[in-house]
Amino acid sequence: MTEDKFKEIRPYHDAEIRPVLDSLLENPEFLGSIASFYAPRLARFFPGTMRKVAQRKLHQQLDGVHNVASMQDVIAVYMDKMIEDTTTSLTHSGMEHLQAERSYLFISNHRDITMDPAFVNYMLYHAGYETLQIAIGDNLLKKPFVSDLMRLNKSFIVKRSLKGRELLQALLLLSGYIHHSIQHNHNVWIAQREGRAKDGIDKTDPALLKMLALGQREVPLGKSLAQLHIIPVSISYEYDACDVLKAEELYQIEKTGSFTKTDKTDIQSIVTGMIGFKGAVHVAFGKELRIASDDPDEIAAALDEQILLNYELHDINYLALERLRQDGKVALHELRKDVADRQISKASRKKFAKRLQRVDPKLHKHFLFSYANSVISRYRV
């Protein structure tokens, strides 16, 4: 395989970084979006002036960026600021399982569109490992400048909007690219399923594993996946910044049978996920998956086992479950007895009560299950 084969989906290379940045810095739509994000009122009344302010600021911040590595350095600075503003702690475990000379496919649970891979990437960056190439669905890339931004940050495109033979060809190319990346010493991240776990249930889609094996169709599925050196990753947020948005979506689906997304829906989720409060965040790296089967369901179950066991549970997860049990929505006999061993402080109970009080009562069930399902998944008999 040659790299040119993947040009339409792969991240930008060193030689492409500066030209793409220069193009973005002359793009009125991009500059207007940046201005609206940081100063919405001023951007509305003085759009031209604020675009120029945004352009000047970005020129200063991006002046020294000429390749992928220097772009990653700039992104790390933004991450430092975001972590300081929106988390109380950021911890990790399991990195001792990683071998420095090996490249991995990190498959994680999926709670936040951009922050899931960002936190995994941040941990690898500061530990001196190769940063990630990140799978991102084309449903999030409705504007060309958004696609450019993602590909500047080592993202590659998953084409979900195609049908029939075109979709099959796109999946073959995607699988081939992921295998190519691992073989050429690049780490890769992909979510365990399409779409975030809005209900708090982390479950790997076997179809994902079938797709990953398409790039090596001449060998059995298990052997093909083994070549990717899969590491299960559990990302846990004490508070999901998008918890109410997710509850609203699930409520609408329950009541009307569907939820209509607008052009602003994903953008709202991305921005809320970035700037919203997350509390304690933990990234747990599992052990490389030992694959002894060609059955995608069995392999998915093995992945899920590590993700569930390594997921760090917080007081809010247990408090949500406690409230659901009080409301008669979860039966105690469905769970192992040791689920009740959690000692929860008065301060945690007070914070939980205040957070729940701010949520529309009609959303309570979905809001609570989004936190409680992490406990239920681990402790179900």
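Being outside any helix (DSSP H, G or I), polar (S, T, N, Q) and surrounded by fewer than 18 Cβ atoms within 10 Å (Cβ to Cβ) is the requirement here; does residue 23 meet it? Criteria not met by residue 23.
Each residue in segment 61-79 was checked for being within 30 Å of residue 203 (Cα to Cα) and loosely packed, with under 13 Cβ neighbours inside 10 Å, and 0 of them qualify. Tally time: how many residues in segment 149-189 are farther than 22 Å from residue 217 by Cα and in a helix (DSSP H, G or I)? Qualifying residue count, segment 149-189: 4.
Across segment 156-177, which residue is surrounded by the fewest Cβ atoms within 10 Å (Cβ to Cβ) among those that are of a type in the set (Ser, Thr, Tyr) and closer than 20 Å to residue 103 by Cβ? Per the criteria, the residue is 175. Would segment 113-125 turn up any residue that is in a loop (DSSP other than H, G, I, E, B) and within 25 Å of residue 21 (Cβ to Cβ)? Checked segment 113-125: at least one residue is in a loop (DSSP other than H, G, I, E, B) and within 25 Å of residue 21 (Cβ to Cβ).
Of the residues that make up segment 269-287, is at least one aromatic (Phe, Trp, Tyr), within 21 Å of residue 195 (Cβ to Cβ) and either in contact (Cβ under 8 Å) with a residue 12 or more places away in the chain or not assigned by TED's automatic domain parsing to the domain that holds residue 84 (or both)? Checking segment 269-287: not a single residue is aromatic (Phe, Trp, Tyr), within 21 Å of residue 195 (Cβ to Cβ) and either in contact (Cβ under 8 Å) with a residue 12 or more places away in the chain or not assigned by TED's automatic domain parsing to the domain that holds residue 84 (or both). Being basic (Lys, Arg) and in contact with a Pro (Cβ under 9 Å, 6 or more places away or on another chain) holds for only one residue in 261, 198, 255, 210, and it is 210. From the list 178, 107, 190, 182, the lone residue that is out of contact with any helix residue (DSSP H, G or I) (no Cβ under 8 Å at 6 or more places or on another chain) and modelled with pLDDT of 95 or more is 182. Only one of the numbered conditions (1) surrounded by 12 or more Cβ atoms within 10 Å (Cβ to Cβ); (2) in a loop (DSSP other than H, G, I, E, B); (3) not aromatic (Phe, Trp, Tyr) is violated by residue 101, and that is (1).
When you look at residue 50, is it within 27 Å of residue 116 (Cα to Cα), surrounded by 11 or more Cβ atoms within 10 Å (Cβ to Cβ) and touching a helix residue (DSSP H, G or I) at 6+ places or on another chain (Cβ under 7 Å), yes or no? Against the criterion (within 27 Å of residue 116 (Cα to Cα), surrounded by 11 or more Cβ atoms within 10 Å (Cβ to Cβ) and touching a helix residue (DSSP H, G or I) at 6+ places or on another chain (Cβ under 7 Å)), residue 50 does not qualify. Under the condition of being surrounded by 10 or more Cβ atoms within 10 Å (Cβ to Cβ), over 28 Å from the mean Cα position of the chain (by Cα) and within 30 Å of residue 305 (Cβ to Cβ), the residues counted in segment 343-381 number 1. Confirm whether residue 233 is modelled with pLDDT of 95 or more and within 15 Å of the chain's Cα centre (by Cα). In short, yes. Among the residues of segment 84-98, those identified as out of contact with any Lys or Arg (no Cβ under 9 Å at 6 or more places or on another chain) and assigned to a helix (DSSP H, G or I) are 84, 85, 95, 96.
Of all the residues in segment 326-341, those that are farther than 12 Å from residue 378 by Cα and surrounded by 15 or more Cβ atoms within 10 Å (Cβ to Cβ) number 1. Does at least one position in segment 190-209 carry a residue that is without any contact (Cβ under 8 Å) to a residue 12 or more places away in the chain, in a loop (DSSP other than H, G, I, E, B) and over 15 Å from residue 107 (Cβ atoms)? No: segment 190-209 contains no residue that is without any contact (Cβ under 8 Å) to a residue 12 or more places away in the chain, in a loop (DSSP other than H, G, I, E, B) and over 15 Å from residue 107 (Cβ atoms). Considering every residue within segment 247-262, establish whether at least one is without any contact (Cβ under 8 Å) to a residue 12 or more places away in the chain, among the charged types (D, E, K, R) and out of contact with any Cys (no Cβ under 7 Å at 6 or more places or on another chain). Yes, that holds for at least one residue. If the condition is being in a loop (DSSP other than H, G, I, E, B), of a type in the set (Asp, Glu) and buried (at least 19 other Cβ atoms within 10 Å of the Cβ), then segment 218-268 contributes 238, 240. Across segment 280-293, the qualifying residues are those that are closer than 19 Å to residue 121 by Cα and in contact with a strand residue (DSSP E or B) (Cβ under 7 Å, 6 or more places away or on another chain), and the one among them that is surrounded by the fewest Cβ atoms within 10 Å (Cβ to Cβ) is 280. Can you name the residue in segment 80-135 that is among the acidic types (Asp, Glu) and without any contact (Cβ under 8 Å) to a residue 60 or more places away in the chain and, of all such residues, is nearest to residue 174 (Cα to Cα)? Restricting to residues being among the acidic types (Asp, Glu) and without any contact (Cβ under 8 Å) to a residue 60 or more places away in the chain, the top hit is 130. Here segment 300-315 is the region considered, the condition is being assigned to a helix (DSSP H, G or I) and in contact with a Ser or Thr (Cβ under 6 Å, 6 or more places away or on another chain), and the residue that is surrounded by the most Cβ atoms within 10 Å (Cβ to Cβ) is 303.
Among the residues making up segment 331-381, those that are of a type in the set (Gly, Ala, Ser) and assigned to a helix (DSSP H, G or I) are 340, 347, 348, 353, 370, 372, 374, 377.
The values are calculated or read from the model by the stated rules, or taken from the named source; none is laboratory data. The structure presented is a predicted model; accordingly, all values stated were derived computationally and were not measured. Neighbour counts run over all protein chains shown; Cβ positions are idealised from the backbone, glycine included.
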